[in-house]
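The values are calculated or read from the model by the stated rules, or taken from the named source; none is laboratory data. Here the structure is a predicted model, which means the values were calculated and not measured. Heads up, the Cβs are rebuilt from the backbone with ideal geometry, glycines too, and the neighbour counts pull from every protein chain shown.
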Amino acid sequence: MTAPTDNPGPARAWRLDDAQRFLVLAVLIGVCTGLVVVCFHAAIELVDLSVRDTGRSSAMRILWPAIGAAAAALIVRAIPVAAGSGIVQTKSALYVSNGHIPFAGVPGKFVACVLSIGTGTPLGPEDPALLMGAGIASRLGRLFGLSQRSMRLIAPTGAAAGIAAAFNTPITGVLFVLEEVVAGFDAAVMGSIVLAAASAVVTSRLFLGESPLFSVPDVVPISQPGEVLVYVALGVAGGLFATAYVRMMSVLRYRLGAVRLPPAVGPLAAGLLVGVVALAWPDVLGTGYRAMDGALHSQYAWSTMATLAVVKCLVSGVAFGTGTPGGLFAPTLFLGVMLGGAFGGVAPWLPPGSQSAIVLAGMAAMFAGVFRAPMTAVFMAFELSGTAGSIVPAMIAATLAFLVARQLHPQSILDLVAEHEGANLPSARLARPDAPLHVEDAMAALPDSVVVLPALLDAAQVAAMLEASPATHGLAEAAGGRWLVAELDVLRPIAAEPSAWFALCQTSTPSSTANVQVVEPVYPDEWLDVALRQLARSPVVPVVSRLDGRRVVGVVTATDVRNAYGRVPVDRR
Amino acid sequence: MIGRLRAVLVALVVIALWAAASVLARTAHHERVERAALAMAAGTAAVGAGRGTEAVALLRDAVALDPQRPEYRLALGKALFVVGRLEEAEPYVYEVLRRTPVDGESNLVLARILARQGNQAEAESAYYRAIYGRWSTAAQPLRRQARLELIALYRSQGATARLRAALLELSNAFPGDRELQLQAGRDLLAAGFADDAARQLRLIDERFADPGRAPVLLARAEFARRHYVEAYEASGRALVRLAADPEAAAIHALSARVLSLDPDQPRLSPARRAARLRALLTDVHRRLGACGEADGPEAARLLATLTRWLARRGSDVEVGRSLLQAAATRWATTCPAASETDAAGRVLTDLATDLP
């Protein structure tokens, strides 16, 4: 019998550090989110099919959306974390609660949205899927004991998986989370988001198939200059319509939210309204994917599409305003598709067969205008249709719609929802104009009180230079790209002894010895925070060129920093 | 230990989710497919019953429920075509063709849509793709239909050369189909390709034990070709088979009358040839006089020459032949055309046409 060894080598080799665990967990998050989203889609579909079987009479067609919305509202009352837009909770997890999202929100959102969307509430399943992904990610992160930094990034990772699986669009999932949730391209989170989105899509495709959400007829690429004008006009119209939609949502959300009613009465009333409206326009019910597919296949006249856009705008606004669970992605896409289709019906210069291109461009324009995520909008048009020909029209329309909407209304719909929920979350669009500063904002030209001692000089030359200099401080290049900072009175005796000067120049440890400080140089484009850290141990910090680390382009002193924060640069005002 | 427990717990959750996703997705898929099939069947029945709008709604449901089935999309495209919504029908058919570009039936539907939209050139290409495309055994009759519709397209365009080629291809493609062969022969004859029609119809007459109306059509084709002997024989054969056929009887009688008037028939004695010549000159003299051709000086001179030739008993036959040619040409170019049953008029027309 062999005695057990205490050698921890192999076990340690298998132990993952926090970053590695985070990446492995991203795959697990993607798989779990993909599976939940598959269940979510299938459950909504089964409820929808059952409702169709039983709801053939007019009375039942009116009642079903109301029953579903009221039941969903009661669930949300029982599980409050399942309320609201999932994106706000995810951003809160990133910026406020260190990645913590209560797991009860996942089943709560699942059941509530299955009931509401399955019975015909004109909202979408994508934002709920995003919240479910974030909730799953948060739970798994806690379970596997991730560090606080990783935990903060884990909610966006799950959110990307949720969006990617809901739309069957991995790129869209990644881009939306980077544009809207993280509000920037953070390299630290990029790898995990991509991994989670990819694994979620692969998982969902195993069950739901590989086809894009819409089967789009051949997209005719832009071939005439006149067509570009049509897409430009569509972009402007999309921006205006998006602004009107966001403002209407804002008004409805505040006005309807302010009405004090017993639980579930608001959603019940909204559901009844939806049911009545759907008797005349059944295409506005539910996600509206089928109607969008019809618009892509020229099923509707332009006037019908324009009417559907207006009606969907109203019913989705009322449903969302009363707090019926469901997301805003699908209604926004619906409005964009109908806007594009209606526009294509009346626009001149469009060659035959360009219906699908203009419909997809309308969809991208509306998405960019409402969510203020133009890159996501363009790639969404591409991924949802599976045709690269849609990219250029979508780029033109989405960019213009984004610019017009931003000009007319600074907040996106998500900012409004967050504000209504009492949160003030950071956003790329609402960044403060006077923060933060860079080194170049504070640095000053080399003053007379500082002399730079070139590395090429020997000790005798340095000594001669120091004797002649009127400066009080000297900067000399040290080993490892670092710089020595000292008063000239300290440097003069050292320079008088060549061996001592040589030894000093070989110093690279960033510590202060014998009144000589070793500092890291900073670059003009770095955050001023970097220079501030160096100023803690040196009165002067050299600013060097990125192209030539030996060339000092300026210095930063404590006075310079105070002056920089004391003024607000004109171009940042 | 706790770490392992966590891993096992997560694995169990993943397995449970996987199972739930499988069950739910399969159930939803099954429900969808079943309902789509029902909608498809109801939609197809509605199309057959002429309830186009209802069919479109049902088939649209079928497509929405099971978008992966190209046959549902094609059926919807066909229903939309039937109700005249061509713009809507087109994308559905193109989608099916994007997946299976050589599908015969899809190309046929596309050709119909394009033809109805007036895009004749594209329609012609689509018809050819349909004809040479891939067809299921059950849908073979539609392949023939594609050829017939292409022929109708050419006929409506007045593209005679392409019509002739299509008709000959049609007859070659279905050699065992008597009705189709007859149709090709009839169409060739109607399009003015009497030689091809005669060849085609003679083949039918020889190939099939029961050639149907092929002898009658052959007689008509031969008559159109001015092969009166053959027309007489074919119509005679037709009368043996179809005793009471009025068309065969008329052609038989007319070709017999033409043959009895024609002075150029072989093996005629000089006296009989001269008598036929005289009879025709008398007839054309009367016709020219009746249609007012005596008014001009040239016509008056021709009539006077004819009168002089007819007045003399032993006139030169060769001169008479030349006179007949000139008078027939004059008559054919200036007087109203003879009726179909006018045998002498037919002979005169033939003489006028024979002018070098």
Quick one: how many residues across region A:204-235 are away from every other protein chain (no Cβ under 14 Å) and assigned to a loop (DSSP other than H, G, I, E, B)?
-> 4
Going by the conditions given, is B:V23 surrounded by fewer than 17 Cβ atoms within 10 Å (Cβ to Cβ), in contact with a helix residue (DSSP H, G or I) (Cβ under 9 Å, 6 or more places away or on another chain) and either facing chain A (nearest Cβ under 9 Å) or without any contact (Cβ under 8 Å) to a residue 40 or more places away in the chain (or both)?
-> yes
Checking B:G43 against (1) away from every other protein chain (no Cβ under 13 Å); (2) more than 24 Å from A:M292 (Cβ to Cβ), which test does it fail?
-> (2)
Within region A:120-149, count every residue that is away from every other protein chain (no Cβ under 14 Å), surrounded by 24 or more Cβ atoms within 10 Å (Cβ to Cβ) and more than 18 Å from A:V37 (Cα to Cα).
-> 3
Return the only residue of B:L150, B:L86, B:L142 being buried (at least 21 other Cβ atoms within 10 Å of the Cβ) and either of a type in the set (A, V, I, L, M) or modelled with pLDDT under 90 (or both).
-> B:L150
Please indicate, with yes or no, whether at least one residue in region B:310-322 is over 30 Å from B:G212 (Cβ atoms), free of Cβ contacts under 8 Å to residues at least 60 places away in the same chain, buried (at least 16 other Cβ atoms within 10 Å of the Cβ) and of a type in the set (D, E, K, R).
-> yes
Looking across region B:111-123 at residues that are charged (D, E, K, R) and more than 13 Å from chain A (Cβ to nearest Cβ), the single one that is surrounded by the most Cβ atoms within 10 Å (Cβ to Cβ) is B:R112
Residue that is nearest to A:G345 (Cα to Cα), among those in region A:298-328 that are within 14 Å of another protein chain (Cβ to nearest Cβ), assigned to a helix (DSSP H, G or I) and at pLDDT below 90 | A:W302
Selected residue [touching a residue at least 24 places away in the same chain (Cβ under 8 Å), within 14 Å of chain B (Cβ to nearest Cβ) and not small (G, A, S)] from A:M292, A:M248 | A:M292
Among the residues of region A:390-397, is there at least one that is surrounded by 24 or more Cβ atoms within 10 Å (Cβ to Cβ), among the hydrophobic types (A, V, I, L, M, F, W, C) and under 19 Å from the mean Cα position of the chain (by Cα)?
-> no
Do we find a residue being within 25 Å of B:R155 (Cβ to Cβ), in a loop (DSSP other than H, G, I, E, B) and in contact (Cβ under 8 Å) with a residue 24 or more places away in the chain anywhere in region B:224-244?
-> yes
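Yes or no, residue by residue, for (1) within 14 Å of another protein chain (Cβ to nearest Cβ); (2) under 28 Å from the mean Cα position of the chain (by Cα):
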| position | (1), (2) |
| --- | --- |
| A:I44 | yes, yes |
| A:V47 | yes, no |
| A:S58 | no, no |
| A:I67 | no, no |
| A:I75 | no, no |
What do you reckon, is A:G327 surrounded by 24 or more Cβ atoms within 10 Å (Cβ to Cβ) and in contact with an Asp or Glu (Cβ under 6 Å, 6 or more places away or on another chain)?
-> yes
Yes or no: A:V47 modelled with pLDDT of 90 or more and out of contact with any strand residue (DSSP E or B) (no Cβ under 8 Å at 6 or more places or on another chain)?
-> yes
When every residue in region B:171-183 that is buried (at least 20 other Cβ atoms within 10 Å of the Cβ) and modelled with pLDDT of 85 or more is compared, the one farthest from B:V216 (Cα to Cα) is B:Q181
Please state which one of B:A352, B:A327, B:A344 is in contact (Cβ under 8 Å) with a residue 60 or more places away in the chain, part of a helix (DSSP H, G or I) and of a type in the set (G, A, S).
-> B:A344
Assess whether A:P80 counts as being within 14 Å of another protein chain (Cβ to nearest Cβ) and closer than 20 Å to A:A264 by Cβ.
-> no
Sort out which residues of region B:56-110 are acidic (D, E), facing another protein chain (nearest Cβ under 10 Å) and over 26 Å from B:L153 (Cβ atoms), and write them in order of number.
-> B:D61
